[in-house]
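The values are calculated or read from the model by the stated rules, or taken from the named source; none is laboratory data. The structure presented is a predicted model; accordingly, all values stated were derived computationally and were not measured. Note: ideal-geometry Cβ built from the backbone for every residue, glycine included; neighbour counts use all protein chains shown.
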Amino acid sequence: MRYQSTRGAATEQKFSDVLLEGLAPDGGLAMPEAYPKLSPADLQRWRTLAYPELAFEVLRLFADDLPADDLRAMVRRAYTAELFGSADITPLRTLEPGLHILGLSNGPTLAFKDIAMQFLGQAFEYALERSGSTMNILGATSGDTGSSAEHAMRGKQRLSVFMLSPHGKMSPFQAAQMYSLQEPNIFNLAVRGVFDDCQDVVKVVNSDAAFKARYRIGAVNSINWARIAAQIVYYFKGYFAATRSNDEQVAFAVPSGNFGNIYAGHVARSMGLPIKRLILATNENNVLDEFFRTGVYRVRKTAEVFQTSSPSMDISKASNFERYVFDLVGRDARQLAALWRQVETTGVFDLRGTTAHAAMPATGFVSGSSSHSDRLQTIRSVYETYGEVIDTHTADGIKVGLAHREPGVPLVCLETALPAKFAETIREALGIDPERPKGFEALESLPQRVTVVDADAEAVKAFVAAHAQT
Ligand SMILES: *Cc1c(COP(=O)(O)O)cnc(C)c1O
């Protein structure tokens, strides 16, 4: 499998090359040259595989430059019952016939990002070991991504994590998930400022090419192809769990922000998994819903982003969306690059009347958005009808999913976080505290390890220089 950039550079890269890279040199995103196509016999064989074996089969199509035994060992270490609470890894719960929740959030930080991040941790350690080098991951987080990355990289050889978070702005639960880690390769930097200040510091540090090269600064952001590849797996797992035979179709409802999760569903569908609909749900930040309804992609300014009760979907633009549009324009990199130049200068592009717009219906996407009151209402009705407490993001997905439900087509709603992470809104909706999974009872009272810093790139550079892997 060779990779190319959405903006045109024919890079001839392999999986192990794109694994450690952020953006392609031309500013685009890495894409496989073609999606692998599965035969009915492949699907039949995969139906009964355990999660790690299924992950191996899927990932090996995209990572064929890695020795098969090494890849198998990596997924076996990443997807254990110990880390994910059950051998199923992503168990399917049936609310009623034809309506299911796919539990993607039983990993160490109780959000779906753990699934990709645990694989990334294994893959990074493996790649660094093979090349005999080291890496220092620098990132900014408002909550979920940072803790998921830290839990995946904790104790890894040749790899340190420097994670910037807004001082005093995260929930005590989120802060404790990160700050309670005691591994010496994990560094929490609480920045006096807001999330945007953290992100700006990361940008400034990354713009210093000499510093970046000297300290081998890496990233774990959601555009990383290996994260996408690892997320394709659970669409297969969920499909097999919700159906009895491979001539059935299903719909997936996906709470969406940066378009990484649902784009993985698009890849699974393109590979031949019988997905009838990919139902995209946004919160009040409805950039993507607007696009799928109108054909107009209009990014928001930072000041236009609403802070909502499903905060992991509060986005101004959707980084992985470029990959989907690349497919829509028939993989014409010049056309794609022109569209993104237009977004950069005018904040918008309009596909109406183009062949790209005409290509959209065949991709199976439909969309909708959800508000705070929809969220509360959905949490209440799922609790009252099925006795299940769901988190706020999952509620957005279920709300929009039910609006697009079709008779005879099983609806699989992706659970992207557990309610314990968003206790305040659960209390508002139900008047009760969400249950805490075992092991999390006393999280906030564990000793914490964090350094408070100013929103100053030079100070952060000095800290990294003093503590980096050499
Ligand atoms: C990251 C996240 C999302 C959004 O996923 P994307 O891949 O960015 O679309 C949804 N829900 C939760 C809980 C998340 O952490």
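Go through (1) under 30 Å from residue 16 (Cα atoms); (2) modelled with pLDDT of 95 or more; (3) surrounded by fewer than 24 Cβ atoms within 10 Å (Cβ to Cβ); (4) hydrophobic (A, V, I, L, M, F, W, C) one by one and return the number of the condition residue 250 breaks.
(1)
Go through the range 189-203 residue by residue and tally those that are part of a strand (DSSP E or B) and within 18 Å of residue 135 (Cβ to Cβ).
1
Restricting attention to helices (runs of 4 or more DSSP H) lying wholly within the range 1-92, give those where 2 or more residues are under 22 Å from the mean Cα position of the chain (by Cα) and of a type in the set (A, V, I, L, M).
Output list reads 15-19, 51-62, 68-78, 81-84.
Just one of the numbered conditions (1) surrounded by fewer than 21 Cβ atoms within 10 Å (Cβ to Cβ); (2) within 16 Å of the ligand (Cβ to nearest atom) is not true of residue 262; which one?
All conditions are met except number (1).
If you scan the range 417-439, which residues turn out to be free of Cβ contacts under 8 Å to residues at least 24 places away in the same chain and surrounded by 14 or more Cβ atoms within 10 Å (Cβ to Cβ)?
Result: 436, single match.
Could you figure out which of (1) under 21 Å from the mean Cα position of the chain (by Cα); (2) modelled with pLDDT of 95 or more isn't true of residue 202?
Of (1) under 21 Å from the mean Cα position of the chain (by Cα); (2) modelled with pLDDT of 95 or more, only one is false for residue 202: (2).
Which members of the range 112-140 meet the condition of being closer than 18 Å to residue 223 by Cβ and of a type in the set (Gly, Ala, Ser)?
Hits for the range 112-140 are 116, 121, 123, 127, 139, 140.
Exactly one of (1) surrounded by fewer than 20 Cβ atoms within 10 Å (Cβ to Cβ); (2) in contact with a Phe, Trp or Tyr (Cβ under 7 Å, 6 or more places away or on another chain) is unmet by residue 180. Its number?
(2)
Just checking, how many residues over the range 383-397 are more than 16 Å from the ligand (Cβ to nearest atom) and either part of a helix (DSSP H, G or I) or among the acidic types (Asp, Glu) (or both)?
5
Contact list please: Cβ distance under 8 Å, first residue in the range 157-179 and within 26 Å of residue 123 (Cβ to Cβ), second residue basic (Lys, Arg) and surrounded by 22 or more Cβ atoms within 10 Å (Cβ to Cβ), pairs at least six apart or on different chains.
Pairs that qualify, where the first residue is within 26 Å of residue 123 (Cβ to Cβ) and the partner is basic (Lys, Arg) and surrounded by 22 or more Cβ atoms within 10 Å (Cβ to Cβ), are 174/421.
With the condition kept exactly as written, say whether any residue in the range 355-364 is buried (at least 19 other Cβ atoms within 10 Å of the Cβ), away from the ligand (no atom under 16 Å from the Cβ), part of a loop (DSSP other than H, G, I, E, B) and not hydroxyl-bearing (Ser, Thr, Tyr).
The answer is no, given that none of the residues of the range 355-364 is buried (at least 19 other Cβ atoms within 10 Å of the Cβ), away from the ligand (no atom under 16 Å from the Cβ), part of a loop (DSSP other than H, G, I, E, B) and not hydroxyl-bearing (Ser, Thr, Tyr).
With the checklist (1) away from the ligand (no atom under 16 Å from the Cβ); (2) surrounded by 15 or more Cβ atoms within 10 Å (Cβ to Cβ); (3) at pLDDT 95 or above in hand, flag the one item residue 407 doesn't pass.
Going through the list (1) away from the ligand (no atom under 16 Å from the Cβ); (2) surrounded by 15 or more Cβ atoms within 10 Å (Cβ to Cβ); (3) at pLDDT 95 or above, residue 407 breaks only (2).
Given the residues 362, 338, which is the only one that is among the hydrophobic types (A, V, I, L, M, F, W, C) and more than 25 Å from the chain's Cα centre (by Cα)?
Selected residue: 338, the only one of 362, 338 that is among the hydrophobic types (A, V, I, L, M, F, W, C) and more than 25 Å from the chain's Cα centre (by Cα).
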